[in-house]
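Asks: Once you've had a glance at the structure underneath, I'll fire off some questions.
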Amino acid sequence: MFQRFLLLGFVTLLTFSCTTEKELSTSRYSEEINQRFTGDLAYETTDFVEDYWRVVGNTGFNKSIYRVAEELEKAGYVLEEKATKEDRLTYRIEKRPMKRPTWESVDALVTINNQKKPLLMHDTNRNMLALNSYSTPKEGVTAEVVHIKDLKKLKSTSVKGKIVFVERSPYSVFKTAIIDGGAVGIFSYSNPKYLQSQKNTTSIQFRGIPLDTVHKPWTIALSYEAKERLKDEISKGKVIATVKIETNIYPSEELTIVADVKGSDSPKERLVFSAHVQEPGANDNASGVGVALEMAKVTADLIREKRLNLKRSLTFLWGDEIVSTNRYVKEDSIRAKDIKWGISLDMVGEDTEKTGGTFLIEKMPDPSAIWTRGNDKHTEWGGRKMSLKEMKPHYLNDFLIEKFQEQGKLANWTVNTNPFEGGSDHVPFLRSNIPSVLFWHFTDQFYHTDNDRIDKVSKSTLKNVGTAALVSAYTLLNSDEVTAKILLNSIESAAINRLEEELKQGKIALQKGDSLKTQLAIIDAWEDWYLKAMNTTYDMVKDSTLIKSVIEKSQTTIKDKAQSITSELTKE
């Protein structure tokens, strides 16, 4: 009887041990996800999506949405309208009528002076057609090309029935050339320097013109190679171009797909990953679509196998850049107040040996967006100088930087940051006072060009971004007193490092003749930012007393450090 009792006790202990070991602990997230997130689904999805020039409502955009839905169902997500209360994995496709028609390019060909070799052709340069361009007659349009070097002379130049060629954005001449001047179309070249056009001679950065149902205009965007060839022909004499264009412009509906992983304890609280679908590139942003999808699949697998239990909800959003995210945070005020974090996945798969640049975490607005110096650098995308009242103190910046740098160290992968610049799906979150950052790459010499194709995408980058993003998400969604205390220690270290760096930069600035007042203001700003960021960790616990003393102790340390640095600068 005693032996049976011992055996029963052993079996019970073994069963309990297996049960407790089966669910992943926070410390094992990285190891497990690195094994599961291969990058295969992310890459395959990127490859599928980048085949299409995607505009909201057009064929490519909609096929991309339904491809995501198909893969979600394979992963175990249930269509919301068919789901039961027990289903933790659900998705929905939102459909809305569009006020304006959608657009898609089909084909185009440009020849000059009856030459056999085309100046441009759609098969090799799908960005040659500006968004909202109309079709020509089937036989095309043949007209003289007029090169306008000085925009001031456009009004006085007779362009009726001709093609206006400018080395600037088509928007800048659209009204004068098309509406007022009666030009039949526009040739435009306006690639920015960072595209290295003399090296990437065939690249065309996509362009758009106003939708004009009356004049039904068109614009051909030129590559550097085409532009130079055209200019060479013009230098020899009159140039006659024949332009054949086929596009589709038609009424459609806007699709957005939302997938939810329901939290077990606080399901209303959530983290949202947003990946926009539109735009024609592989990295921008078929890669974001693919990474988000594999993240959703890995999460579903872990939930189904009971290896993971998320206390708060995880949401994936695919749609129209900024528009879909803005709607998500505004259309339901009750839902919005419980969105704790928002993250934009945009250009997250780059093979940086080919594209240049590096992986970046664009931080929430901190003082580096006011005083950008030292290791803080804006990208060539650019950002304006912000003000103190626009700061968004929060732990999210340093938390994510640490998690991504851990993955970087593990995978020999470079992770950098940039001050806030805007322009993607993190902006609607921030405008609604929801902590948010952008995961992206820049500078990319193929950004927005028709050379942003699948050969510029790295599966290992997709894996690294997706893995680090999931490790971060799971940690936040299951955060508690322990998480908060660990994070507070990290924030304190980050604050000390920042203040020491600003001391160094302050001394350099003073040596160059900058004012002491400015240097002290910078120290004050960073001190204030980190003191307030510490307080945001309260959202990880239900009982604030659990971490209050830890916060206050760290805040005292930061205050003392700031005061010490202020004294040292004053002595300079």
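Asks: Once both axes come from the Cα atoms, what is the angle between helix 459-477 and the longest principal axis of the chain, in degrees from 0 to 90, rounded to 10?
Replies: 40 degrees
Asks: Per residue, how much accessible area does region 483-572 show when a 1.4 Å probe rolls over the protein heavy atoms, in square angstrom? Intermediate values should be presented prior to the final figure.
Replies: On the way: 4660 Å² over 90 residues.
Accessible surface, normalised per residue, equals 52 Å².
Asks: Take every DSSP beta bridge whose two residues both sit in the chain, then give the antiparallel share in percent to the nearest 5. Intermediate results must be reported in sequence, preceding the final value.
Replies: Numbers: 39 of 74 bridges.
Of all bridge pairs located within the chain, approximately 55 percent are antiparallel.
Asks: Pop a pseudo-label 7 angstrom from the Cα along the beta-carbon direction at both R100 and E481 and give the gap in nm to one decimal.
Replies: Using points 7 Å along Cα→Cβ, the separation is 5.5 nm.
Asks: Can you list which of the GluC sites (Glu not before Pro) found in region 38-109 are DSSP loop residues with at most 10 other C-beta atoms within 10 Å?
Replies: E86
Asks: Moving to a separate point now. Could you name the aspartates and glutamates in cross-link range of K160, using Cα to Cα under 14 Å and dropping any fewer than eight places away on the same chain?
Replies: Here the aspartates and glutamates satisfying the reach criterion relative to K160 are E144, D180.
Asks: Can you give the extra length, in nm with one decimal, that the chain gains between N535 and E80 once fully stretched, where that is 0.36 nm per residue apart less the Cα-Cα distance?
Replies: 160.1 nm
Asks: Given the peptides 138-148, 338-348, arrange them by the average over their residues of other C-beta atoms within 10 Å, most packed first.
Replies: Working: 138-148: 15.5, 338-348: 25.5.
Most protected by this proxy first, the peptides run 338-348, 138-148.
Asks: A further question follows. Cα axis of helix 286-304 to longest principal axis of the chain: angle in degrees, 0 to 90, nearest 10?
Replies: Once rounded, the angle reads 30 degrees.
Asks: How do the peptides 53-64, 241-252 rank, highest first, by the average count of neighbouring beta carbon atoms within 10 Å per residue? Mind showing how you got there, number by number?
Replies: Details: 53-64: 21.8, 241-252: 18.1.
Ranking the peptides 53-64, 241-252 by packing returns 53-64, 241-252.
Asks: Which value in deg cm²/dmol, rounded to the nearest 500, describes the helix-derived mean residue ellipticity at 222 nm for the chain, given -39,500 (n - 2.57) per DSSP H run of n ≥ 4 and division by the residue count?
Replies: -12500 deg cm²/dmol
Asks: Okay, moving on. Suppose R0 equals 51 Å. What FRET efficiency, 1/(1 + (r/R0)^6) with r the Cβ-Cβ distance, do T142 and T557 give to the nearest 0.05?
Replies: 0.10
Asks: If you don't mind, there's one more thing I want to ask. Is any residue of region 354-383 close enough, with backbone N under 17 Å, to a label point placed 7 angstrom from the Cα of E572 along the Cα-Cβ axis, and if so, which?
Replies: Flagged as within label range: 368, 371-376.
Asks: Related question: Heavy-atom accessible area per residue, region 327-415, 1.4 Å probe: how many Å²?
Replies: It amounts to 45 Å² per residue over region 327-415.
Asks: Indicate the gyration tensor shape class of region 93-135 (rounded, prolate or oblate), computed on the Cα atoms with a ≥ b ≥ c the square roots of the eigenvalues: a/c under 1.5 is rounded; otherwise a/b larger than b/c is prolate and the rest oblate. It would help to have the intermediate numbers written out before the result.
Replies: Working: a/c = 5.24, a/b = 3.01, b/c = 1.74.
It is prolate, given that a/c is not under 1.5 and a/b is the larger ratio.
Asks: Another question, if that's okay. How much net charge surrounds V141 when only other residues with a Cβ under 15 Å from its Cβ are counted (Lys, Arg +1; Asp, Glu -1)?
Replies: Result for the neighbourhood of V141: +1.
Asks: I'd like the trypsin sites (Lys or Arg not before Pro) in region 472-572 restricted to DSSP loop residues with at most 11 other Cβ atoms within 10 Å, sorted by number.
Replies: K512, K542
Asks: Take S190 and K117, extend 7 Å from each Cα along the Cα→Cβ direction, and tell me the distance between the two endpoints in nm.
Replies: For the pair S190/K117, the computed spacing is 2.8 nm.
Asks: Need one word for region 413-523: rounded, prolate or oblate. Basis is the Cα gyration tensor (sqrt eigenvalues a ≥ b ≥ c); a/c below 1.5 gives rounded, then a/b vs b/c decides.
Replies: Taking the square roots of the gyration eigenvalues as a ≥ b ≥ c, region 413-523 is oblate.
Asks: Now a separate question. Compute the label zone of T59 within region 201-242: residues whose backbone N is under 13 Å from the point 7 Å along Cα-to-Cβ.
Replies: none
Asks: Once you sort the root eigenvalues of the Cα gyration tensor of the chain as a ≥ b ≥ c, which label holds: rounded (a/c under 1.5), prolate (a/b larger than b/c) or oblate (the other case)?
Replies: The shape class here is oblate.
Asks: How far is helix 481-511 tilted, in degrees, relative to the longest principal axis of the Cα atoms in the chain, given as a value from 0 to 90 rounded to the nearest 10?
Replies: Compared with the principal axis, the helix lies near 60 degrees.
Asks: Here's a follow-up. Rounded to a whole number, what % of the accessible area of the chain do carbon and sulfur atoms account for, probe 1.4 Å?
Replies: Exposed carbon and sulfur together represent 50 percent of the surface.
The values are calculated or read from the model by the stated rules, or taken from the named source; none is laboratory data. Just so it is clear, the structure is predicted and the values come from calculations on it, not from any experiment. Methodologically, a virtual Cβ is constructed for each residue, glycine included, from the backbone with ideal geometry; neighbour enumeration extends over all protein chains shown. Just the protein is used for accessible areas: all its heavy atoms, side chains included, with ligands, DNA and RNA removed. Shrake-Rupley method; radii C 1.70, N 1.55, O 1.52, S 1.80 Å.
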